[in-house]
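The values are calculated or read from the model by the stated rules, or taken from the named source; none is laboratory data. Computed from a prediction, not measured in an experiment: that's the story for all the values here. Here Cβ is always computed from backbone atoms with ideal geometry, including for glycine, and neighbour counts include all displayed protein chains.
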Amino acid sequence: MVLLLTSMLAGVDPARSQEVSGETSEAGQAVAAPPQATVQDVAAEPHKERFRDRFFDAQDGHLDFSSILANGGFIPVPIIITEPAVGGGGGVAAAFLSSAPDNPRQITRRVLAAFKTGNGSSGVGYLQSGYAMDGRLSYRFGVGRGKVTLDSYPGFAPEGIEYTSRYDYGLVGSALWRFGDDRVSFGPLFDFRKLRSTVNVQGLPDAFAGEFGQDMQTGALGLGIHFDSRDNPLTPTQGMNLLAEAKFNRDAFGSDRDYEEYDASAYVFGEASQRLRYGVKFEADAIRGDFPIYYAPAVNLRGVPAARYQGMNTYASEAEVIWRRSERWAFLAFAGVGVAEAGSSRIYKDSDALYTGGVGFRYRIARQFGLDAGVDVAYGSDGVVFYLQFGHAWSFGMD
């Protein structure tokens with residue numbers, strides 16, 4: 001058996017090998033066979049990686065992008081926009097991920113994306129988040145430009161009024177210093193934009209129509225305090241992410257309007273068993289002052305169209321249960337509830353309680369990074385909505 005295995009690995013015909021090893025001289029004395037490669041010699045030869053090997057995991061042979069990411073490559077992410085608020089659409093993104101060698105939780109994300117939707121919205125942007133100063137500083141910033149067409153639903157027009165915002169630029173970000181055991185961070189926030197919003201509907205109330213048809217610049221500085229004990233920032237399975245933020249738009253910061261934005265969020269993750277996990281989120285957003293009406297916060301839930309239910313105060317809570325069938329595949333179910341309160345605004349009105357629910361699946365697309373991707377199907381008051389997920393569905397709101 002050893003002779004057969006050695007011959008096969010060495011590329012020698014087994015019959016010929018056996019014949020050679022049994023050769024004798026005319027005198028009947030055995031002649032030493034030519035030296036053969038041993039199993040150890042062959043195993044010591046380095047394996048030459050093929051191009052396709054970069055896309056498959058050496059551990060289980062499944063499709064996986066860990067090797068590409070670890071070597072400075074990127075995951076090409078198709079953007080399939082199923083959001084009914086913008087009429088669907090598509091685009092493409094290149095997602096670069098890297099982690100600190102001594103701390104896998106510290107993942108740097110770089111995403112370059114472009115999109116176009118069915119209602120004419122389009123844009124390009126770049127987002128980056130990561131760590132600096134030996135992990136003591138966590139940062140996040142994004143820059144982009146484009147135009148976005150959405151419907152606003154003021155109290156006098158329950159069927160919606162379409163408006164378009166053209167952004168010359170938008171620049172947002174944060175820089176949070178990490179304290180103690182690195183779970184608590186605190187620091188400044190910034191948000192600067194220049195845009196022009198237009199609406200093509202005649203006979204609107206002055207309080208509403210006056211918000212459109214003019215160039216506007218906003219500039220905000222603020223503060224944020226975060227707590228993060230998640231085991232993985234991309235697809236968490238355990239821990240918490242708590243955030244409280246306040247941003248102040250003022251003339252001194254280059255803003256044409258004086259107003260304030262307040263956000264508080266809590267995301268909790270845990271494991272009920274080896275295969276069963278859960279997650280819960282709660283988000284509360286508020287706006288005060290002379291704010292542009294289209295910047296009023298909106299209920300953020302899977303199954304609720306973007307910007308459909310706005311007010312001076314919004315609340316949203318969602319829970320999900322995930323069953324991990326294997327190391328690669330997982331299935332989930334989720335349900336949520338939200339509400340928008342008009343407050344003192346004369347534009348919007350209070351919404352009823354909004355209930356949503358749905359199911360989805362995930363595939364671990366980069367095992368070494370703990371990154372999942374998949375699809376969610378959600379149902380809400382406005383019908384069925386599909387979502388293509390890259391990372392956790394709540395990733396945009398979390399650190």
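Within the range 193-217, track down each residue that is under 15 Å from Tyr167 (Cα atoms), out of contact with any helix residue (DSSP H, G or I) (no Cβ under 8 Å at 6 or more places or on another chain) and either surrounded by 15 or more Cβ atoms within 10 Å (Cβ to Cβ) or not acidic (Asp, Glu) (or both).
Passing the criteria: Arg193, Lys194, Leu195, Arg196, Thr198, Phe212, Gly213, Gln214, Met216, Gln217.
Quick one: how many residues across the range 280-315 are touching a Phe, Trp or Tyr at 6+ places or on another chain (Cβ under 6 Å) and either surrounded by fewer than 21 Cβ atoms within 10 Å (Cβ to Cβ) or of a type in the set (Ser, Thr, Tyr) (or both)?
5
Would you be able to tell me the number of residues in the range 168-227 that are among the acidic types (Asp, Glu) and in a strand (DSSP E or B)?
So the count comes out to 3.
Take the conditions surrounded by 16 or more Cβ atoms within 10 Å (Cβ to Cβ) and either over 27 Å from Ala93 (Cα atoms) or not aliphatic (A, V, I, L, M) (or both) and apply them to Gly343. Does it pass?
no
Mind checking which residues of the range 366-375 are surrounded by fewer than 22 Cβ atoms within 10 Å (Cβ to Cβ) and at pLDDT 90 or above?
Of everything in the range 366-375, those that are surrounded by fewer than 22 Cβ atoms within 10 Å (Cβ to Cβ) and at pLDDT 90 or above turn out to be Ala373, Gly374, Val375.
Can you say whether Arg324 is basic (Lys, Arg), assigned by TED's automatic domain parsing to the domain that holds Phe208 and touching a helix residue (DSSP H, G or I) at 6+ places or on another chain (Cβ under 7 Å), as far as the supplied structure shows?
no
What are the residues in the range 120-132 that are surrounded by fewer than 18 Cβ atoms within 10 Å (Cβ to Cβ) and either at pLDDT below 85 or part of a loop (DSSP other than H, G, I, E, B) (or both), if any?
Gly120
Ser351: at pLDDT below 90, out of contact with any helix residue (DSSP H, G or I) (no Cβ under 7 Å at 6 or more places or on another chain) and either among the hydroxyl-bearing types (Ser, Thr, Tyr) or over 27 Å from Ile293 (Cα atoms) (or both), yes or no?
So Ser351 does not fit the description; no.
Please enumerate the residues belonging to the range 133-164 that are surrounded by fewer than 18 Cβ atoms within 10 Å (Cβ to Cβ), within 30 Å of Asp102 (Cβ to Cβ) and of a type outside the set (A, V, I, L, M).
Asp134, Gly135, Arg136, Tyr139, Arg140, Phe141, Gly142
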